[in-house]
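The values are calculated or read from the model by the stated rules, or taken from the named source; none is laboratory data. Everything numeric in this text was worked out from a predicted model, so none of it was measured. All Cβ positions, even for glycine, are placed from backbone atoms using ideal geometry, and neighbour counts span all protein chains on display.
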């Protein structure tokens, strides 16, 4: 019935509709919240859901698998039995290797924080730099070891449920913990890390990119070659300088690569350090027998990847479904490899490394090793891709 007061009737109707809308919106948000796919490892899938699984040469991942076993077989019960079997097989063919993974693992799709399954796959390699044990006018750019006065705080000990895997780095000033030196401060007078040099190198641009790659070979003036690897980081966020060049219009987005950034630096020597300083993150190194990943084991060319360890357990097998990058003038061997695969890169990797730029669940950085092919792939890779982590099955004799 309509009230004799039309204004009052309209108010009543509007109020009823607003209540209904509020209830509808609340229910909708509740449904969306409940149905939102959490970031990280999702539901199990079938092996047939892994496009290209039956065509991969899984035998080539065996050296990387055995390296993961060295780190995990004594720490994780789920890995003990499968590592024993992997060691017994020693050198399986592709069919045996594929059957092994299908017997001992279950594939799970990986999702981003928005519930999407598509992410970014990049690449890295081990560069070779010319260096010297003595600083002079040619070799004057330092590779630093980890400064002993840098304090590292593991935030997991303070907030285990929220900040697991997070670390805070800084230096003591009076009674306060303050941010550690940035790249700009480290590379400028009075050179606050003086006295902690490992060696000096010739090319500052190559050194900058070695910070991004995380390891390198240094060929010294006496002919000796040493390997340096990631020891720690200064705690400042990683900022891609390529993004800075695109934003300022210096290089078009479609042309950005390690090679194009390097060429820009060479052509603009007076702006070189300023560009580098846009990335305040700084890497410290130590001498190693061979390039090691964050898992503490040697990396395998084309079969090891860096991941975000907060989302994917280090040591895990990860199926990556992506593509090779478009390279204008690839070397003959690389051209043949990409042609044979029809530009598809669908391969099983081992998650054995991490990196300052590797953040998020569907995010991988492929380790390509050393040499021209590795440099070209690492410099151009910025591909879309999907990822699946292989989770060990719980064996009958496990508690």
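Observations on the structure shown:
- With respect to the conditions (1) within 30 Å of residue 80 (Cβ to Cβ); (2) in contact (Cβ under 8 Å) with a residue 60 or more places away in the chain, residue 98 falls short on a single one, namely (2).
- Residue within segment 91-106 that is modelled with pLDDT under 95 and part of a helix (DSSP H, G or I) present: no
- Screening 156, 194, 162 for residues that are assigned to a loop (DSSP other than H, G, I, E, B) and at pLDDT below 95 leaves exactly one candidate, 162.
- Unique residue being in a helix (DSSP H, G or I) and under 20 Å from residue 54 (Cβ atoms) when the list is 337, 342, 375: 337
- Residue 205 vs. criteria assigned to a helix (DSSP H, G or I) and farther than 21 Å from residue 123 by Cβ: no
Residues checked against (1) on the phi > 0 side of the Ramachandran plot; (2) crowded, with 22+ Cβ neighbours inside 10 Å; (3) modelled with pLDDT of 95 or more; (4) not assigned by TED's automatic domain parsing to the domain that holds residue 54:
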{"position": "314", "(1), (2), (3), (4)": "no, no, yes, no"}
{"position": "342", "(1), (2), (3), (4)": "yes, no, no, no"}
{"position": "349", "(1), (2), (3), (4)": "no, yes, yes, no"}
{"position": "363", "(1), (2), (3), (4)": "no, yes, yes, no"}
{"position": "384", "(1), (2), (3), (4)": "no, no, yes, no"}
{"position": "397", "(1), (2), (3), (4)": "no, no, no, yes"}
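- Single match in 119, 115 (criterion: within 23 Å of the chain's Cα centre (by Cα) and at positive phi): 115
- Here is the figure for segment 241-286: residues that are in a loop (DSSP other than H, G, I, E, B) and modelled with pLDDT under 95 total 2.
- Residue among 140, 171, 114 that is under 30 Å from residue 380 (Cα atoms), surrounded by fewer than 18 Cβ atoms within 10 Å (Cβ to Cβ) and not assigned by TED's automatic domain parsing to the domain that holds residue 302: 140
To keep it simple, each residue is scored yes or no on (1) surrounded by 17 or more Cβ atoms within 10 Å (Cβ to Cβ); (2) within 27 Å of residue 130 (Cα to Cα).
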site: 176; (1), (2): no, no
site: 186; (1), (2): yes, yes
site: 189; (1), (2): no, yes
site: 192; (1), (2): no, yes
site: 211; (1), (2): yes, yes
site: 224; (1), (2): no, yes
site: 248; (1), (2): no, no
site: 253; (1), (2): no, no
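- Single unsatisfied condition, residue 232 versus (1) touching a strand residue (DSSP E or B) at 6+ places or on another chain (Cβ under 9 Å); (2) surrounded by fewer than 17 Cβ atoms within 10 Å (Cβ to Cβ); (3) modelled with pLDDT under 95: (2)
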